[in-house]
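One structure is given here, and the rest of the page talks about it.
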Amino acid sequence: MTKLFPARMTARLDGDFVVFLIGMRVNKWWKFWKWGPVATAMPRMLTELAERPELGLLHARTVFGFPNLLVIQYWRSFEQLHAYASDRSLAHLPAWRDFNRKIASNGDVGIWHETYLVKDGAHESVYNNMPIWGLAAAGAHVPAEGSLRSAKGRLRQTDGADQPANV
């Protein structure tokens, strides 16, 4: 069973980083020969990235909710994310080319991504009764106490004392 932390926790990740959301949507479920290869390409990429931490992926979490598939990724930098996406010797570019050759804009499978560049200190998070999740898995999972007690404190706007005592 996944270990839960029955305490208010937060994530600490120093320096700039990138949150990259990428997903697919099965638009025509009966065309499994179209969406199947798209769905199986991402696990190959995530395995490759896990085996090569120098490529810059800090953490990834896959979320299923048919007909949608979402992967939340945390990267050390946009430069590393872009280098991975455009490197011919790695798994992404061949998968992208295959998608464009076989599906492109025919409507069978939707794909999307969003990229967020996060500046150092411009993020905050809180987790309670949760396993290590999200940004806490990409960085450090630490108690939300002291200056980290409040959202404003985690954003370095106060000393954390603005959090009501009973929360």
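Results for (1) in contact with a helix residue (DSSP H, G or I) (Cβ under 8 Å, 6 or more places away or on another chain); (2) modelled with pLDDT of 95 or more, shown as yes or no for each residue.
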position	(1), (2)
Ser105	no, no
Lys119	no, yes
His123	yes, yes
Asn128	no, yes
Pro131	no, yes
Gly139	no, yes
Ser150	no, no
Gly160	yes, no
Pro164	no, no
Looking only at region 127-147, and only at residues there that are more than 17 Å from Gln163 (Cα to Cα), hydrophobic (A, V, I, L, M, F, W, C) and part of a loop (DSSP other than H, G, I, E, B), the one that is farthest from the chain's Cα centre (by Cα): Ile132
Members of region 28-41 found to be surrounded by 15 or more Cβ atoms within 10 Å (Cβ to Cβ) and either at pLDDT 95 or above or not in a helix (DSSP H, G or I) (or both), listed by number: Lys31
Enumeration of residues in region 61-107 that are touching a Phe, Trp or Tyr at 6+ places or on another chain (Cβ under 7 Å) and assigned to a helix (DSSP H, G or I): Leu81, His92
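The values are calculated or read from the model by the stated rules, or taken from the named source; none is laboratory data. In this text the structure is predicted, and so the values were computed from the model without any measurement. Glycine also receives a Cβ, built like all others from the backbone with ideal geometry; neighbour counts cover every protein chain displayed.
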